[in-house]
Structures are given as structure tokens and as C-alpha cells.
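Here the structure comes first, spelled out in C-alpha cells, and everything after it is commentary.
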Amino acid sequence: MSETTVGATSLSGFWRSFRRSRMGLVGLFMLVTVILMAVFAPYIAPYDPKEVIRVTIDDIYAPPSAAHWLGTDDAGRDVLSNFIYGSRVSLIVGFFASFISIFIGSVVGIVAGFYGGRAENVLMRFTDIMLVIPDLPLAVVIVALTKPSLWNIIFVIGALGWTGSARLVRSQTLAVKQRKFVLRARSIGAGNAHIIRYHIFPMVLPLIVVNTVLVISLAILNESTLSFLGLSDPTALSWGQMLNFAFTRGAMSARAWWALVMPGLGIVWAVLACTLLGQGLEQVLNPRLETHYLAVGAQMVARPGMEAQV
Amino acid sequence: MRQSRYLLKKIGWALLTVLIVILLNFFLFRILPGDPARAGIRDPRLTQDAVAAIRERFGLDKPVINCFESLNPVEFGSCGVNPLDTQLFIYVGNLLSGELGISYHTNRPVIDMLKEQLWNTVLLIGAGQILAIFLGMGLGVLAAWRARTTIDFSALLASLTFWSLPTFWLGIILLFWGSSQFGLPTGGKLTPAGNFANIWEEWADVGWHLLLPTLTYTIVFLGEYMLIMRSTLLDVLSEDYILTAKAKGLRTAQILKDHALQNAMLPMVTIIALNLGFTVAGAIQIETVFSWPGLGGAIFEAVERKDYPMLQGAFLLIAVSVIFANLVADLLYSYLDPRVQAG
């Protein structure tokens, strides 16, 4: 992360630069489609996944047909409807868990970076230790020992995913702290709380936003993995859980590809949306040179849009 | 002098982290509902004798630690207890002598099972990691060199997509495709009841089983290595000494090899180390999908069977391995770039 990060000054200026990033736009579009699907699930889904149905042997892993566009699963339920409703859990876990992570990460990062000294030492040592302990096995252990409810999963993913953000936010805080306006604010009598609130935080915020998008994608991946390992809330249908059911209940031997492909594509779609959006935002907030001395037909030029923000 | 102090400091932190993992492992399993030792006593699969043996081994009649014997605040204040006579001390003592308990499922010592599984996991991770690093770096160099061309853009998009793939799902899809199209094995390490004329045939069979898991692993990790290599190399290639080298009339290949790559390698070491946690996460998923008899698959099975001693042991071994691998990476980095010792 370079120290020259400059936040876009206004919302419209931000949008003007963001519009130039093809990846960012595609990511935003993809994310909006999943959110719309989750919000309007009851209106889009052909069947209600919670409805009681009568099942005959022919309904189990039935291939795609006019009645079931994506076939049925091991319980004779409509895969497409499950898929549409499944987006809700993935997004809920993704958003809530990453808010927890980002909150802890930002507080730790800003406090460590701003106050320095012993507080920084203790906090960053703790962060380093947490960073080394592998997340997924620890999450598996905690969820396996507690009740695998939706909130437990959100809390565990959130509480384990903050280390990267803490380090990023700290280094950015350190850079901002050196700027002249902080010294000026202090010289006219501003206190620590005021400086953090009005000078440090707004300058760190853009970085936090980019990071949030990436943390959401990680949280969605983690949720799907825990669910796939059978550690999900049995009442909350998610894409990972659909894959767990299909994989452990004979979809492989029934060659029922329709029960395996869609939920996975859903996860890829949501995660890729956040990744692309994150890349787009980063190009706006932290423009880098994208060419070099050995490039084909090289001429050192800054990315368009860079000069507009300085 | 400074070097040995740096070394000691790094080793000290690694040991402290291991200690924290041990404490975490102890308290998580004692405090959360699924206490292995106590749940074990209630487990109907065990005989009376086995229950007595477990009680004895873990010192279950003794206080958990020195100053509280249970989480009940009324019973606080047993500080008069000899610290050597607590469950925590017995647990740490057992660990030091390699005693990790008995698996509920197989009734074998956990440590013996973990030893077999560790090497299977190392084999899988090793093969996948080497392929992913080499291919990722190669693609990264290509993308950076051809920056802002179609090659660069496609490589970038492919990497982001690979990064977004859930490992277990990619495994499922490859397994589905590979087993039906090419008759590749659907799981395990060896053909069941296979008869092998010699060790080479046996290894060939292992390799055959390793093909799809390794492919899954490589695809998932390729993306990140490529992205890092690309962005580091872009930075390095924008340095003025590259222009100097070009002005001297050196060929592009030579500048890339002798001037740029050497400096771009350093961040790769850090990323590979930082990735170790994800590496383990990937192994858990891949081993589960392909029934590969490694540590990760063991975790999944232990969760399914509520085999808590196995879960506890596998978590400890995984965490400690990652901590030590990180330490090695740290020391390697300081050897490659002596400047870090100053900071």
C-alpha cells in the first residue's frame, strides 16, 4: 500500500473515476444482481423451500425438466428455488461477519497506529499471533464444539477475520499521522479524540471501504466452506449447505450434476463480484502505474484519472 | 551478534504462539459444551475400564487450573491447590510426552494416526504448492512484461476467477468430470485391495490418485501467486535502474532474469508464508472431497463422528506446523534480505 493514497474528494468525483474501471463496474453489477435475487427471493423462486411436499422415488435427483428447471435434490426439492433462497444466508453471513471483522480491525489498527508505543506493541503482537494461527481449523473447532447456529457462524468468521484489516489500517494511520494537518490541528489545541474523528478516520476510510469488500468475499467463502463441512445451521439453507447435502447424499453416484453445479456458481458469482469491485475501488483510491520501462511500446504515462485526484 | 538476537527473538515469538495455541486448545475443549474428556466419559462406545483410564489420564477429578476449578463463581478461590496437580498441568505434561489421547472412533492412540496422516498431507500440499508457485510466477512474469495487453488482461481475469473459486467445489467438479471422462479414481490414496508387484507400481498408483487433488490445489493457489508476482514485478520494472539497464543495451530477457526477478522474488517469500493458513484450509477441503487420508480429512471426519480427541490433536498439529513453517519463512527472508534484521 503506497503512502500517497488520496481519497476522492467528492462522491461525484469518485463515481467519475470509478466509471473508468471496467472490472469495478462489472463487479458492482454482479453484486447488485445477487442482492436483488436475495431480497426478492419469494417473488422469483418458483417454489417455497419450506413448503411440505409429497415425494415419490422419481422426484429424487430428477433431472432438469419444465417443472424443475434445474432438477431436484436429494429430498425432491426444486434446486432452482433452493439456489435463489440460498443467496440470502450467504449474503447475510458475508455482510455481518465482515462488519465485525472490519470493526475490530479498524479499531485495533487506528489505536495501534495513532497512539504507538506500548499500546501498539501489544496490539500488533497480538495481531501477529492471531495471523499465524490458521483460521479455518480454529473456526471448525469452535463451531463443532458450540451449536452451529447462524449467529455463531457469523460471530466466529467475524472474530477470526480481522487481522489483515488491522495491519492495513495501522500502516495507513501511521502514514496519515505524519501529515502536516495533524500537527496543525494539534497546535491549535485539538485533542486525540478530535484528531482521530475528524482527521485520521476520514483519511483511512477509503482504505477501509476497499478492504470491506474483500473481507466480504472471504467471509462468503468461509461460510460456504464451514457449511460444506457440515457445520451450518440446519434451518438456514445456504449454497454451501446445498453442496454438503448433495455431496454427502449421493449426488455424485446419481450423476446429478444439476445439484452440484449451480450452488457453486452462486458462490463464485458473489465472491468474484466482491473481488472485482474491490479491484475497481482500489484502482480509484490508490492508482498505480500500470506500465513500465520494458512494456511493449513503452512510454511512462500515468493511468488516466490519476491527475484528477491529487 | 545482531543476527543471533534476531534469530532468538523470532524463535521466542514462535514458541509463545505455540504456547497460546496449546492454552487455546485446552480451554476451548474444556469450556465449550463438547469437552472431549468429559464427553468421552459419557460416550456409550467406551467400557467402564476405559472411562476410568481416561479419568486417570486427564486427571478429571482434579481442578482445571489453579484458581478456578469450574466456571461456577461460587467455587472460585481454590488457589491453595498445588499448580502441578491440575488438569492444565497434566494436559501440558501429556503433550510433552506425545500423549494426545485415544480416538473414540478407532480406539487407537491419536498420535499414531496423526503421524500417518501428516505425511499424506505434506505430500499433497508439497506437490500442489510447487506447481502453483512455478506456474503462478511464470504467468505473473508474462502478465507484467506484457502489461496492459490482452495477455495481461486475460491472465488477470483468470487469476481473480481462480481466487474466487471455493476449493471444495472446484474439487467436486473436477472429481465429477475426471472420474467419468478419464476413469480417474474417485478418492483415497491407493486402489483398495490393490496388488502391487513392487514399490514403483505402488507409487504410480499413489500418483494416479494424487492427480486430481493436486490439480485442484494448483488451480486454487495459482491465482494469488500470479497476482502478487505481477504487481511486484510491475513496481520493480518501473525503477530507474531498469531504464539504465535498457539504455546499456541489455536484452529484455536478460534484464528480466538478472535485474528484475531477483528483487521481485522477495515479496513472494512473504506471501507464501502468509498463505500457509489458507494452504491448510485448502487441504482440509480437498482431502474431504477426495477422501485423501490426511490431516484435513481427519478434521472433517472427527467433526462428523464427534471424535473430540482426534479433533483436538489434529488442530494442535496443524496449528503448530503452520507456526513453524512461518518461522522458517521468516528466517529464510532475513537470510535473503539482510535489511529486515535492522528494522
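B:Asp49 falls short on exactly one of the conditions (1) modelled with pLDDT of 70 or more; (2) within 14 Å of another protein chain (Cβ to nearest Cβ), and that condition is (2). Only residues that are within 10 Å of chain B (Cβ to nearest Cβ) and of a type in the set (Phe, Trp, Tyr) were counted across the range A:220-267, and they come to 4. Being among the hydrophobic types (A, V, I, L, M, F, W, C) and more than 30 Å from A:Gly250 (Cβ to Cβ) is a condition met by no residue of the range A:66-85.
Filtering the range B:155-172 to residues that are in a helix (DSSP H, G or I) and facing chain A (nearest Cβ under 7 Å) leaves B:Leu160, B:Thr161, B:Trp163, B:Ser164, B:Phe168, B:Trp169, B:Ile172.
Criterion first (within 14 Å of chain A (Cβ to nearest Cβ), among the aliphatic types (A, V, I, L, M), more than 21 Å from B:Tyr225 (Cα to Cα) and part of a loop (DSSP other than H, G, I, E, B)) does B:Leu184 satisfy it? It is true that B:Leu184 is within 14 Å of chain A (Cβ to nearest Cβ), among the aliphatic types (A, V, I, L, M), more than 21 Å from B:Tyr225 (Cα to Cα) and part of a loop (DSSP other than H, G, I, E, B). If you go through the range B:249-269 one residue at a time, do you hit one that is within 13 Å of another protein chain (Cβ to nearest Cβ), among the basic types (Lys, Arg) and over 30 Å from A:Leu272 (Cα atoms)? Within the range B:249-269, one or more residues are within 13 Å of another protein chain (Cβ to nearest Cβ), among the basic types (Lys, Arg) and over 30 Å from A:Leu272 (Cα atoms). On the stretch given as the range B:187-243, residues that are assigned to a loop (DSSP other than H, G, I, E, B) and under 19 Å from B:Gln117 (Cβ atoms) total 5. Does A:Val132 satisfy the condition of being crowded, with 23+ Cβ neighbours inside 10 Å, within 12 Å of chain B (Cβ to nearest Cβ) and touching a residue at least 24 places away in the same chain (Cβ under 8 Å)? For A:Val132, the condition - crowded, with 23+ Cβ neighbours inside 10 Å, within 12 Å of chain B (Cβ to nearest Cβ) and touching a residue at least 24 places away in the same chain (Cβ under 8 Å) - is not met. A count restricted to the range B:270-304 and to residues that are over 14 Å from the mean Cα position of the chain (by Cα) and within 11 Å of another protein chain (Cβ to nearest Cβ) stands at 7. Considering each residue of the range A:90-98 in turn, none proves to be at pLDDT below 90 and out of contact with any Cys (no Cβ under 6 Å at 6 or more places or on another chain).
Results for (1) in contact (Cβ under 8 Å) with a residue 24 or more places away in the chain; (2) closer than 22 Å to B:Ile20 by Cβ, shown as yes or no for each residue.
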residue	(1), (2)
A:Leu138	no, yes
A:Ser149	yes, no
A:Leu160	yes, yes
A:Ala166	yes, yes
A:Leu174	yes, no
A:Lys180	no, no
A:Ala185	no, no
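Counting residues in the range A:55-64 that are of a type in the set (Asp, Glu) and either touching a residue at least 24 places away in the same chain (Cβ under 8 Å) or part of a loop (DSSP other than H, G, I, E, B) (or both) gives zero. A single member of B:Thr216, B:Thr232, B:Thr191 is more than 9 Å from chain A (Cβ to nearest Cβ), hydroxyl-bearing (Ser, Thr, Tyr), in contact with a Ser or Thr (Cβ under 8 Å, 6 or more places away or on another chain) and surrounded by 13 or more Cβ atoms within 10 Å (Cβ to Cβ), and it is B:Thr216. Listed by first and then second residue, the pairs with beta-carbon distance under 6 Å, at least 6 apart or on different chains, first residue in the range B:315-333 and within 9 Å of another protein chain (Cβ to nearest Cβ), second among the hydroxyl-bearing types (Ser, Thr, Tyr) and crowded, with 18+ Cβ neighbours inside 10 Å, are B:Ile323/B:Thr17.
Just to confirm my filter: which helices (runs of 4 or more DSSP H) fall fully inside the range B:259-343 and include at least 1 residues that are in contact with a strand residue (DSSP E or B) (Cβ under 7 Å, 6 or more places away or on another chain)? If you could, list the steps in order and put the result at the bottom.
Working: elements: B:261-274, B:276-289, B:295-305, B:308-336.
Qualifying helices (runs of 4 or more DSSP H): B:308-336.
May I ask you to list the residues in the range A:143-166 that are in a helix (DSSP H, G or I) and crowded, with 20+ Cβ neighbours inside 10 Å? Spell out how you get there, then give the answer.
We begin by selecting, within the range A:143-166, every residue in a helix (DSSP H, G or I); these are A:143-145, A:150-160, A:163-166.
Answer for the range A:143-166, where residues must be in a helix (DSSP H, G or I) and crowded, with 20+ Cβ neighbours inside 10 Å: A:Val143, A:Ala144, A:Leu145, A:Ile153, A:Ile154, A:Val156, A:Ile157, A:Gly158, A:Leu160, A:Thr163, A:Ser165, A:Ala166.
Per-residue answers, yes or no, for (1) in a helix (DSSP H, G or I); (2) crowded, with 22+ Cβ neighbours inside 10 Å; (3) in contact with a helix residue (DSSP H, G or I) (Cβ under 8 Å, 6 or more places away or on another chain):
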site	(1), (2), (3)
A:Leu70	no, no, yes
A:Asn82	yes, yes, yes
A:Tyr85	yes, yes, yes
A:Ala97	yes, yes, yes
A:Val107	yes, no, no
A:Asn121	yes, no, no
A:Met124	yes, no, yes
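A:Val156: within 12 Å of another protein chain (Cβ to nearest Cβ), more than 27 Å from A:Ile110 (Cβ to Cβ), at pLDDT 90 or above and out of contact with any Gly (no Cβ under 6 Å at 6 or more places or on another chain), yes or no? No. A search for C-beta distances below 7 Å between a residue of the range B:190-215 that is within 19 Å of B:Glu287 (Cβ to Cβ) and in contact (Cβ under 8 Å) with a residue 24 or more places away in the chain and any residue that is of a type in the set (Phe, Trp, Tyr) and not in a helix (DSSP H, G or I), counting only pairs 6+ apart in sequence or on different chains, returns B:Leu212/B:Phe290; B:Pro213/B:Phe290; B:Pro213/B:Trp292.
Within the range A:273-293, count every residue that is among the aliphatic types (A, V, I, L, M), buried (at least 22 other Cβ atoms within 10 Å of the Cβ) and at the interface with another protein chain (Cβ under 9 Å from one of its Cβ atoms). Quick ask: steps written out before the conclusion?
Looking only at the range A:273-293, we keep the residues that are among the aliphatic types (A, V, I, L, M), and these are A:273, A:276-277, A:281, A:284-285, A:289.
Add one more test, that the residue is buried (at least 22 other Cβ atoms within 10 Å of the Cβ), and what stays is A:273, A:276-277, A:281, A:284.
Right, trim to at the interface with another protein chain (Cβ under 9 Å from one of its Cβ atoms) and you get A:273, A:276.
Number of matching residues: 2.
Inspect all residues belonging to the range A:72-81 and state whether any of them is in contact (Cβ under 8 Å) with a residue 40 or more places away in the chain, within 26 Å of the chain's Cα centre (by Cα) and closer than 21 Å to A:Tyr47 by Cβ. Among the residues of the range A:72-81, at least one is in contact (Cβ under 8 Å) with a residue 40 or more places away in the chain, within 26 Å of the chain's Cα centre (by Cα) and closer than 21 Å to A:Tyr47 by Cβ, which makes the answer yes.
From the residues in the range B:142-151 that are more than 9 Å from chain A (Cβ to nearest Cβ) and of a type outside the set (Val, Ile, Thr), which one is farthest from B:Arg251 (Cα to Cα)? Reasoning before the result, please.
Filtering the range B:142-151 for residues more than 9 Å from chain A (Cβ to nearest Cβ) gives B:142-143, B:150-151.
From what's left, of a type outside the set (Val, Ile, Thr): B:142-143.
Numbers: B:Leu142: 16, B:Ala143: 18 Å.
Only one residue fits best here, namely B:Ala143.
The values are calculated or read from the model by the stated rules, or taken from the named source; none is laboratory data. Predicted, not measured: the structure shown is a model, and the values here were computed from it. Backbone-built Cβ (ideal geometry, glycine too); neighbour counts: all protein chains shown.
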